[in-house]
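The values are calculated or read from the model by the stated rules, or taken from the named source; none is laboratory data. Source: prediction; values computed, not measured. All Cβ positions, even for glycine, are placed from backbone atoms using ideal geometry, and neighbour counts span all protein chains on display. Surface areas here come from the heavy atoms of the whole protein model, side chains and all, with no ligands, DNA or RNA. Shrake-Rupley method; radii C 1.70, N 1.55, O 1.52, S 1.80 Å.
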Amino acid sequence: MGLLIVLSGPAGVGKGTVCTALRSRMPEIVYSVSATTRQPRQGEIDGVNYFFKSREQFQDMIARGALLEHAEYVGNYYGTPRDFVDKTLSSGKDVILEIEVQGALKVKENFPEAIFIFLLPPSLDELKQRITGRGTETQDIINTRMNVAVEEMSLLQHYDYAVMNDEIDAACDRIRSIVIAEHCRRERFMPYVTGLKTAIEKA
Ligand code: 5GP
């Protein structure tokens, strides 16, 4: 079985940027493509960036149990197709989900053996800059998003690892180290050791 790696963290922390950078640095990991009801942005391709769905199609996926988790975020649905994750993990490959915090908590309920990584902003100023830098939002909206981000920060307690997103290369190195270490957990080698012992006993 491959590892299910959940990369999450507060809005504006740079999850998408880190995940994009990881793709070239860790091509051996399979990146799950989410379904969403939001409109494609310029340059986004259906089936590559997201599976773009109508609300009806998305609700049908929920009803069929086709999603491992889903959440509503800024008025749109986002969710992880279950089949793809199950099949990829069974084939022995690692899968990474880049999802917001509510969805990550749901994965934890259904898939407690997954590895939960929480991305942290290097400072509140930096977070504010990222949230403000996204567009031409009013001060009220920025304040609301900052408050949500601060609340989301307290969800760190549910995660296994925290990774500071101070610098993209450093953040990717930390995630890479986590994945390598998780592959070295003794539990993963129990069947191997049992096999070795049996072979020695037979010899
Ligand atoms: P965006 O619309 O900017 O691509 O994504 C908005 C937020 O949705 C990001 O925080 C991203 O991590 C999150 N997201 C993307 N895909 C999924 C998913 O499948 N499930 C959940 N719960 N969140 C997702």
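With 5 Å bins beginning at zero, the pair-distance distribution over Cα atoms of segment 32-92 amounts to 4, 20, 28, 24, 14, 7, 3, 0 %.
When the convex hull of its Cα atoms is viewed from all sides, segment 1-111 shows a mean projected area of 6.9 nm².
For segment 1-102, which whole-number percentage of the solvent-accessible area (1.4 Å probe, protein heavy atoms only) is attributable to carbon and sulfur atoms? Display every interim value, and only then the final one.
On the way: 2460 of 4920 Å².
Looking at segment 1-102 in its full context, I get 50 percent from C and S.
Descending by average beta-carbon neighbour count within 10 Å, the peptides 81-94, 45-58 line up as 81-94, 45-58, the highest first. Treating each Cα of segment 4-202 as an identical point scatterer and summing with the Debye formula, the log10 of I(q)/I(0) at q = 0.11, 0.15 Å⁻¹ comes to -0.56, -1.00. Extension gain for E44-E151 works out to 35.5 nm (0.36 nm per residue, less the C-alpha to C-alpha distance). With the simple model of a label 7 Å out from the Cα in the direction of the Cβ, S54 to N143 spans 4.0 nm. What the Cβ-Cβ distance of M190 and I168 gives, at R0 = 30 Å and to the nearest 0.05, is a FRET efficiency of 0.25.
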